[in-house]
Protein chains: 2
Amino acid sequence: MQFHLNGFTTGDPAIAPRHPQAGETLDTVDVLIVGCGPAGLTLAAQLAAFPEISVRITERKPGPLEVGQADGIACRSVEMFEAFGFAEKVMKEGYWVNEVAFWRPGAQGEGLQRADRIQDVADDLSEMPHVILNQARVHDFYLEKMQNGARRLTPDYDRALTTLTRTDDPDYPLVATFDCLDAPGETETIRARYVVGCDGARSTVRKSIGHELHGESARQLWGVMDVLPVTDFPDIRLKAAIQSATEGSILIIPREGGYLVRLYIELDALHGDERAADRNVSAEMLIEKAQAILAPYTLEVKEVAWWSAYEIGQRVCDGFDDSDRGGNGASEPRIFIAGDACHTHSPKAGQGMNVSMADTFNLGWKVAAVLRGQARPELLQSYSEERQAKAQELIDFDRDMARLFSAKPQTKEEEAQFQAYFQKHGRYTAGVETQYAPGLLIGDAAHQALAAGQIVGKRFHSAPVVRLADAKPVQLGHAFKADGRWRLLAFAPTEDTGEAGGAIAQLCDRLDGPEELLHRFTPEGTDIDSVIDLRAVFQTPHREMRIEALPALLRPKKGRYGLVDYEKAFCPAVTGPDIFDLRGINRAQGALLVLRPDQYVAQVLPLDAVDAVADFFDRILIPQSAG
Amino acid sequence: MQFHLNGFTTGDPAIAPRHPQAGETLDTVDVLIVGCGPAGLTLAAQLAAFPEISVRITERKPGPLEVGQADGIACRSVEMFEAFGFAEKVMKEGYWVNEVAFWRPGAQGEGLQRADRIQDVADDLSEMPHVILNQARVHDFYLEKMQNGARRLTPDYDRALTTLTRTDDPDYPLVATFDCLDAPGETETIRARYVVGCDGARSTVRKSIGHELHGESARQLWGVMDVLPVTDFPDIRLKAAIQSATEGSILIIPREGGYLVRLYIELDALHGDERAADRNVSAEMLIEKAQAILAPYTLEVKEVAWWSAYEIGQRVCDGFDDSDRGGNGASEPRIFIAGDACHTHSPKAGQGMNVSMADTFNLGWKVAAVLRGQARPELLQSYSEERQAKAQELIDFDRDMARLFSAKPQTKEEEAQFQAYFQKHGRYTAGVETQYAPGLLIGDAAHQALAAGQIVGKRFHSAPVVRLADAKPVQLGHAFKADGRWRLLAFAPTEDTGEAGGAIAQLCDRLDGPEELLHRFTPEGTDIDSVIDLRAVFQTPHREMRIEALPALLRPKKGRYGLVDYEKAFCPAVTGPDIFDLRGINRAQGALLVLRPDQYVAQVLPLDAVDAVADFFDRILIPQSAG
Ligand SMILES: Cc1cc2nc3c(=O)[nH]c(=O)nc-3n(C[C@H](O)[C@H](O)[C@H](O)COP(=O)(O)OP(=O)(O)OC[C@H]3O[C@@H](n4cnc5c(N)ncnc54)[C@H](O)[C@@H]3O)c2cc1C
Ligand SMILES: Cc1cc2nc3c(=O)[nH]c(=O)nc-3n(C[C@H](O)[C@H](O)[C@H](O)COP(=O)(O)OP(=O)(O)OC[C@H]3O[C@@H](n4cnc5c(N)ncnc54)[C@H](O)[C@@H]3O)c2cc1C
């Protein structure tokens, strides 16, 4: 955490200085977010990082979520929480999925036996764990983050969107009207530059832009309940997939706090037009079913904290924005949809909350960059392109997953296949396999070999390093916060310690001139790293480095006092394989990575490819000065 | 974190259910704490864990501390914060002291050169780092902890203690009067069972019980300031001890946030009766002096966040309570003093805040145990015994330290000695060397060899393990919270997996009978682990264990539902040396450790020494049932 740059302040450094409009209820805003689920809150928390952006977030319900819904938090989401600054809270409070147990009847079809027990998250898949925590608590952490932003953003509850239209107004083209559920008969109108519909599976925003969810709805019915159980089943504190001989299957997800457990229980398939509601599923029914599946083990449910019945429907929209669909046929997108509003899926893969958050983590920095005048509006088209493809992939994956769960494995081979599937998709469900296609924001793989373990189009894969100035062992990826900044990450060739004449010094020279890249895109009067943040990683042990010999760009003077930022240079971890080995960085040549503000690897390039970097940014960013 | 034991609740699990008297201003209380420094707040946070104990904490100042004073947080204090549940906040926000640099003039007495650079905290000294953070932020975390307790405890500011007397009243013998500084002329009286004076170096409580600080006051004057500097001195983000040829010495302590730095600057010695105030020390003077010492490096101070001038005085009281000194010559202590109220010292060793917190961490559980009817009042005498000895040791250490800092090393040998001293005392300043003497609360070392790395009388030394039920890698020491409970920690012999007939099962049998130890000291209707908490560590890898075969005592049913507590059994870490190797546990015989509620090792015994354990507790605890 860096703070006190512009003077010492007392109190919690996570609380930003108050903006003059903090807490005001504005009726025209830069961004209107509809819906306070994980998608809406991720976006609101992201935008709250920028005091100059005005935001409202509205929610139909009368207050924050308190219980139920999703609970699986993939490694990649925890990495994102780290960028938001609250990963440690989630890791402290949540259950960690360390291993998965598989149970099946014995060879003669009798009873239940533990068939296998595997590691849940493969070694070095992520520096973060796979965590289970009540979705409501994730909401709480986002709400706190928003509240700590300069504008002290809080949701407007009891506001149900009824209509959304796009007008010709050049500034605030979008007009949204809400029913005020706390004042029956009253309505409220909000005008906005951008509207993001995070309003869930029955999205009003989606309907307003004429999109529809497509896809077959599978007919499997699942019950889910959060219970306080007493059982003699040995693996009640492990994630456990149990397939009984004749009673169906159950998935046990242990929960935070050491006692609570979530059970996903297979119910009979739905027939014809039958809906989940037709079944009159009750908590008692779910308990009985769970008991039957778990027999001969006993299950006594002492309290049901929450339960629900689910019909598995895998559906996705063919576009996630209103481009070419706006009231005026405008092609520039102004209205976006995210999360369940544009893709719904089975809870089985535990993807709902994670993918919804990933949607708006993708969108947030783009909207911010355009609103802040840093980036060209074309940037916004990439949201639908990138996330629609991802959602489709998820739907396909999810459908396979649901089928697999519903089909009883009959043979040894099918059983083995089931487990293999679980393992194979570990990377996928962890969220680290998302790969955006080459295009405006993602380069080609021509120089991928320079950093074989940092795949172009995937998220940056963190590794341990030592921060040069204070010799602190840190995760390199944790230096990259959700602050809207691009990163240039320079890996030095062997023996380059940053001294004059070396590749790193030359790179800095080429970036730092008054006409050069960094100055071109950095607004006058702001810090040199405020748009593009350069960091360097050396191969030399930190005690053999001379920090005083680093180029000025790696010791930049910042803020109103010109204080030196000492957190730009890193060295190999003292023990274990270093980041060059772990991530396959070419030791002889080094490498230059361009990371997007959402931590995806945009480019892998040779250290001297400054022109390529300039070309890349020229297509996306708007020059801020003569440079 | 364990929660939801007595039913699912929404919201932050760190916030305890509200006590009926929460927030009430009581004029008779169990414990009155005077002073809101680190000593007072540690005690208040500890007592806030027990809803049945009523507490008030008063402070002369009008509000919480915001800036200045101490900032060094020793590893042992971070371990204690972990027990309080906020270590991760301190670690996130604070500066980590990883290495220390030593600077001296060159061989010809010219300029400054880095003479050495050493690791600050030795490997495996503690699982926690040495951290630097504004004392005010430590206060904030304690205040939050108090506020989250069942009684929602907050300090009463603007209350200056004027008199404290001990009367014959059998219930509330202590009468304290306060000036209400927010209502001039008004006073307030509070009656209490116990009073703890945490009111700093000029303690009114100390005076009221007739104690005095003894010891010489060294005559060295030091200036301290927290600044935002710009400098070309390379090690400005490392803890650095700099001794100049002719201008004296300076200690650089980098601070939280990446820019702030604390400078301790040597000023000229005081002469005769001269006091620090006589010198008219100013921030400008300190800056000039710092510049002179750091030359030829430049130092530009952009902002002074806080500064102070210190005369080093090393003093300690000969008793920390009023036993044999109470108004009625009563020998049972009722009034205690802690922290700077009973020992003052140089800031150089960075011990002030740490030792003050350690004082009341020692006292808190004892007062709580007596008030809750668990322990005999004799327990309270051990506070002064244990902590007075520790304070004297600190004073001795501190005096050496101050002398060493003031004396300019003249020869190579003296320089080497200076550094050797720094290294040797790393363990000491980390706070992990405190060792309480054998007595009521600490056993002899007869069986020390069974657990050579868990020294009787020292704090329990944590090590990584895997929690059996959920396969989570955890620090064993972090299972022990500041909840007033004793721990019995059973290390299993080789191949004992807890199954019937083994040493662990036999131990459980002997502890668990209706007449036995655990039942004897556990109040009817409370959980079996509410006074003494048994945990076991096995040598068998967790995947080879059968959790269902563990004795009932290691899977106890708790709370109103009889839910199973699955966090009692641990196995070796999957990689690296295991806890048996790391801590020298006898693999063939195992070992039985008794840990005090403040995590000190009270006894190391053979696994079958249940009689010795019973004898130990019989001397301290009060039987609660027929057992
Ligand atoms: C009842 C329920 C149970 C679930 N159970 C599971 C589970 O067991 N496992 C799992 O993995 N996932 C589960 N999910 C799915 C998971 O919660 C979602 O995938 C995730 O919340 C999607 O996030 P979102 O932000 O896109 O949408 P949501 O979380 O659905 O948030 C949408 C928000 O918009 C609000 N809203 C809707 N319309 C309007 C309007 N017109 N005006 C204003 N506000 C509006 C809604 O009230 C809601 O708060 C469940 C979802 C629901 C609703
Ligand atoms: C000005 C100052 C600067 C310091 N600088 C450093 C430093 O640079 N480095 C370092 O390591 N240590 C420093 N210390 C020492 C360190 O802060 C103390 O060792 C530590 O705070 C001791 O904690 P404590 O709780 O025992 O006492 P304190 O923190 O002194 O707390 C005592 C509290 O009691 C209150 N109080 C006093 N009398 C009364 C009364 N009659 N009624 C009600 N309340 C009363 C005081 O206002 C104060 O808040 C400094 C201390 C002070 C006071």
Residues that are in contact with a strand residue (DSSP E or B) (Cβ under 8 Å, 6 or more places away or on another chain), away from every other protein chain (no Cβ under 14 Å), surrounded by 15 or more Cβ atoms within 10 Å (Cβ to Cβ) and of a type outside the set (Lys, Arg): does the range B:104-118 have at least one?
yes
Within the range B:412-434, tally of residues that are part of a loop (DSSP other than H, G, I, E, B) and surrounded by fewer than 17 Cβ atoms within 10 Å (Cβ to Cβ):
1
If we keep only residues of the range A:536-546 that are in contact with a strand residue (DSSP E or B) (Cβ under 8 Å, 6 or more places away or on another chain), within 12 Å of chain B (Cβ to nearest Cβ) and outside any helix (DSSP H, G or I), then the residue surrounded by the fewest Cβ atoms within 10 Å (Cβ to Cβ) is A:Pro541
Can you spot a residue in the range A:47-55 that is within 14 Å of chain B (Cβ to nearest Cβ) and crowded, with 21+ Cβ neighbours inside 10 Å?
no
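Answer with yes or no whether A:Leu267 is surrounded by fewer than 22 Cβ atoms within 10 Å (Cβ to Cβ), more than 16 Å from ligand 2 (Cβ to nearest atom) and more than 18 Å from A:Trp96 (Cβ to Cβ).
Values: surrounded by fewer than 22 Cβ atoms within 10 Å (Cβ to Cβ): yes; more than 16 Å from ligand 2 (Cβ to nearest atom): yes; more than 18 Å from A:Trp96 (Cβ to Cβ): yes.
Here the answer is yes, as A:Leu267 does meet what is asked.
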Within the range A:90-117, track down each residue that is outside any strand (DSSP E or B) and either of a type in the set (Asp, Glu) or touching a helix residue (DSSP H, G or I) at 6+ places or on another chain (Cβ under 9 Å) (or both).
A:Val90, A:Met91, A:Lys92, A:Glu93, A:Gly94, A:Glu110, A:Leu112
Please identify the pairs in which a residue from the range B:299-322 that is modelled with pLDDT of 95 or more has its Cβ atom under 6 Å from the Cβ atom of a residue that is acidic (Asp, Glu) and assigned to a strand (DSSP E or B), counting only partners at least 6 apart or on another chain.
B:Ala305/B:Asp226; B:Trp306/B:Asp226
Pick from the range B:10-30, criterion facing chain A (nearest Cβ under 9 Å) and more than 13 Å from A:Arg255 (Cβ to Cβ), ranking: farthest from the chain's Cα centre (by Cα)
B:Thr10
Given A:Gly562, A:Gly576, which one is surrounded by fewer than 19 Cβ atoms within 10 Å (Cβ to Cβ), within 14 Å of chain B (Cβ to nearest Cβ) and at pLDDT 95 or above?
A:Gly562
Flagged in the range A:343-386 as within 16 Å of ligand 1 (Cβ to nearest atom) and basic (Lys, Arg), in numbering order, are A:Lys348
Is at least one residue of the range A:249-259 acidic (Asp, Glu) and free of Cβ contacts under 8 Å to residues at least 24 places away in the same chain?
no
Do we have any residue at all in the range A:497-512 that's touching an Asp or Glu at 6+ places or on another chain (Cβ under 7 Å), under 26 Å from A:Ser126 (Cβ atoms), away from every other protein chain (no Cβ under 14 Å) and basic (Lys, Arg)?
no
Matching residues in the range B:162-207 - criterion: being among the small types (Gly, Ala, Ser) and near ligand 2 (Cβ under 10 Å from one of its atoms)
B:Ala176, B:Gly197, B:Gly200, B:Ala201, B:Ser203
Quick one: which residue in B:Ala588, B:Ala614, B:Ala549 is in contact with a Gly (Cβ under 7 Å, 6 or more places away or on another chain) and either surrounded by fewer than 16 Cβ atoms within 10 Å (Cβ to Cβ) or of a type in the set (Gly, Ala, Ser) (or both)?
B:Ala549
Given (1) more than 30 Å from A:Arg399 (Cα to Cα); (2) assigned by TED's automatic domain parsing to the domain that holds A:Thr540, number of the condition A:Gly443 does not satisfy:
(2)
Residue in the range A:142-166 that is nearest to the other protein chains (Cβ to nearest Cβ), counting only those that are of a type in the set (Lys, Arg) and away from ligand 1 (no atom under 13 Å from the Cβ)
A:Lys145
If you scan the range A:502-532, which residues turn out to be out of contact with any strand residue (DSSP E or B) (no Cβ under 6 Å at 6 or more places or on another chain) and among the β-branched types (Val, Ile, Thr)?
A:Thr522, A:Thr526, A:Ile528, A:Val531
Any strands (runs of 3 or more DSSP E) falling wholly within the range A:175-279 and containing at least 1 residues that are away from ligand 1 (no atom under 16 Å from the Cβ) and within 14 Å of another protein chain (Cβ to nearest Cβ):
A:221-231, A:239-243
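The values are calculated or read from the model by the stated rules, or taken from the named source; none is laboratory data. Predicted, not measured: the structure shown is a model, and the values here were computed from it. Note that we place each Cβ from the backbone using ideal geometry, even for glycine, and neighbour counts take in every protein chain shown.
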